[in-house]
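Data first, discussion second: the structure below is written as structure tokens.
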Amino acid sequence: MTTSAHKRRSASLLCLAAGFVIAAAPASFAQQAPARPRGAAPAPAPWFGVPLPPARGGVPAVLVGPRGVRPAIVPPNEAKFHELEGAAIRADLETIVGFSKESRASHEIGNGQLWGRITGYPSSAKTIEWTAEQFRKAGIADVKIQPMTQDPQARLFLPTSWELKVLGDASYGPGTADVVLESAMPVGTDIPGGTLTAPMVLVGSSNPSFAPLIDVKGKIAVLVVVPQAHMVFDRGTVSPRTQDLMKRGAVAVLTVLRHPGNEYAKDLGGCGGPCFNVGGRDGFFLERVLDRAASAGATPVRAQLTMKSETKTNLRAENAVATIPGRSTEVIVLDAHADAWFDGAGDNGDGLSVLIALARHFAKPENKPDRTLVLIASAGHHTTGLNGPRSFVAANPDLVKRAVLVVNIEHVAQRNFGPGRSVATDGYRDFVADSGEAPITAGITNESPYLNDLFQQGVAKYGTNFVSEPSPMLSGETGGFTSMDVALITIMQAPPLYHTTGETLDVISTPGLERMARFLAFFVKQAGKAQVTAINPPGSSPRRSAEPDDR
Ligand SMILES: [Zn+2]
């Protein structure tokens with residue numbers, strides 16, 4: 001640890017300790033500025049007096065207080081479905097997140113700064129094999145591990161170690177030392193020579209109406225983005241703006257994401273040069289320091305970026321595919337992707353654990369399904385050139401031919417949270433979990449009224465937080481099933497912590513897991529009995545335009 005990093009860590013620990021005190025105090029107290037005698041100038045302090053941000057991982061992204069989540073609704077005749085209870089599903093979710101934690105602890109990628117359940121690596125293979133074992137233990141006789149290989153031209157680019165250091169200068173206040181912004185996450189290309197030092201310039205949102213007025217030549221442009229939900233929604237805006245900054249001569253782009261907490265965010269890439277995302281509280285520090293330096297007419301603040309990477313080809317992965325024979329040979333496909341960046345408790349540990357619960361439920365002879373169920377623990381879609389659903393379709397023409405419906409269970413039980421009444425020690429607004437789950441969109445490609453009505457019933461019967469508006473949305477995993485000419489359903493939350501290190505077990509709702517599992521068991525039973533023409537009404541035209549691919 002360098003001296004500056006050491007100083008930084010000590011300061012962070014102090015911040016953290018103070019944070020607990022303030023969090024326990026009334027919100028109005030937490031928001032008051034410390035008293036200072038009238039007319040007195042602020043004492044000179046490092047970094048123009050701007051408090052240092054906390055270490056990444058030193059503070060939770062979201063405050064999860066002692067008030068729990070509203071309980072799941074259990075209809076009287078369903079009390080015996082113990083395999084669908086929240087605690088049982090959560091135990092599986094913990095095992096699934098454990099594969100990510102192992103990836104991190106063992107430094108599966110580079111120095112361990114990046115981790116996950118990564119398709120093409122042992123962390124993903126172990127998750128798939130463990131899931132197959134759960135299917136077998138549930139009593140399912142037909143469980144297959146189906147291999148796949150990476151597309152020949154595809155390349156997986158992975159940063160293996162990196163650092164973003166903001167360089168101190170005595171003119172910024174006595175004692176100003178370099179600060180490492182630990183939430184920085186590379187999302188662009190390699191840095192030529194591995195390191196780069198340049199002054200930074202704040203470009204705000206970089207709207208085309210004023211972006212050309214700011215000289216970014218030879219500088220690191222600092223873009224500010226306020227994500228309204230998961231970063232997929234911002235890809236269409238952010239990528240062109242970062243590319244424009246590079247074209248106008250910027251040497252790198254830092255995208256400050258005003259996310260909860262101070263997390264890594266692996267999304268919004270494609271700037272065409274070196275670019276890094278910066279988490280909420282690091283970004284808050286950076287914006288304020290750049291503003292203060294400009295107001296004071298100080299030497300422009302510089303940053304040093306360093307990075308190493310590796311590029312992988314010819315990777316191999318596998319799906320686990322379990323078939324539960326029904327009374328009919330027609331097939332309903334249930335899919336959940338197993339891969340994830342970071343802990344991935346919400347993307348998609350929750351969906352995978354719900355899939356396992358459904359396997360246990362329908363494997364019981366008394367719950368034999370009407371239509372045959374095919375459950376896929378998919379290698380997913382985060383690794384370029386490997387796609388679980390697409391490989392499933394290619395390897396199982398007979399099942400595909402018999403399918404009447406596909407349901408993708410993806411990000412389904414993350415807690416809802418919002419801006420809190422309090423702020424943290426550095427002044428950044430806290431985010432607080434509430435007593436329910438984040439909104440869940442149910443996308444039905446062919447807009448079947450019958451299927452839509454089942455979701456409506458789900459809200460009334462189980463309290464699932466489906467959004468009020470029906471949608472033909474298709475996203476994430478579902479993209480790999482588009483060659484199938486049947487209703488494709490995507491059940492998906494889109495909260496801001498998606499693809500960040502903030503998606504930990506803390507922010508998953510245990511009653512939410514149960515709500516979703518009970519709803520889906522009901523849904524599968526109803527859809528199992530429905531006429532094919534109700535599921536796929538003649539003349540309905542499934543929309544097939546996916547949202548940008550969920551990588
Ligand atoms: Zn996902």
By DSSP, what percent of the beta bridges with both residues in the range 265-403 are antiparallel, rounded to the nearest 5?
35
Spelling it out for Val432: with amide H atoms placed in the peptide plane at 1.01 Å from N, the residues 5 or more places away or on another chain with amide H under 5 Å from its amide H are Leu63, Gly418, Gly420
Relative contact order %, the range 420-530, counting alpha carbon pairs below 8 Å whose residues are six or more apart
31
Relative contact order (%) - the chain, alpha-carbon pairs under 8 angstrom, separation at least six:
20
Straight-line reach only, C-alpha to C-alpha below 15 angstrom: list the aspartates and glutamates that Lys247 could link to, leaving out same-chain residues fewer than 8 apart.
Asp215
Counting only protein heavy atoms with a 1.4 Å probe and every protein chain in place, the carbon and sulfur fraction of the accessible surface of the range 251-320 in whole percent equals 42
Take the residue pairs Lys80/Lys144; Lys219/Lys266; Lys461/Lys525; Lys126/Lys308; Lys217/Lys312; Lys126/Lys401 and return only those whose Cα atoms are more than 21 Å apart.
Lys80/Lys144; Lys219/Lys266; Lys126/Lys308; Lys217/Lys312; Lys126/Lys401
Taking only protein heavy atoms and a 1.4 Å probe, what accessible area per residue, in Å², does the chain have with all protein chains in place?
40
I'd like the chymotrypsin sites (Phe, Trp or Tyr not before Pro) in the range 166-235 restricted to DSSP loop residues with at most 11 other Cβ atoms within 10 Å, sorted by number.
Phe210
Membrane-span-like helices in the chain: DSSP H runs reaching 15 Å or more (Cα, own axis), mean Kyte hydropathy at least -1.0?
3-24, 86-105, 280-296, 350-363, 449-462, 510-529
Carbon and sulfur atoms: what percent of the 1.4 Å accessible area of the range 339-413 do they account for?
53
Beta bridges per DSSP with both ends in the chain, % antiparallel, nearest 5:
55
Show that you can apply the helix-only estimate: for the chain, add -39,500 (n - 2.57) for every DSSP H stretch of four or more residues, divide by all residues, and state [θ] at 222 nm to the nearest 500.
-9000 deg cm²/dmol
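The values are calculated or read from the model by the stated rules, or taken from the named source; none is laboratory data. If you're wondering where the values come from, they're calculated on a predicted model, not measured in any experiment. In this analysis, Cβ positions are derived from the backbone assuming ideal geometry, glycine residues included, and neighbour counts consider all displayed protein chains. Accessible surface areas use protein heavy atoms only, side chains included; no ligands, DNA or RNA. Shrake-Rupley method; radii C 1.70, N 1.55, O 1.52, S 1.80 Å.
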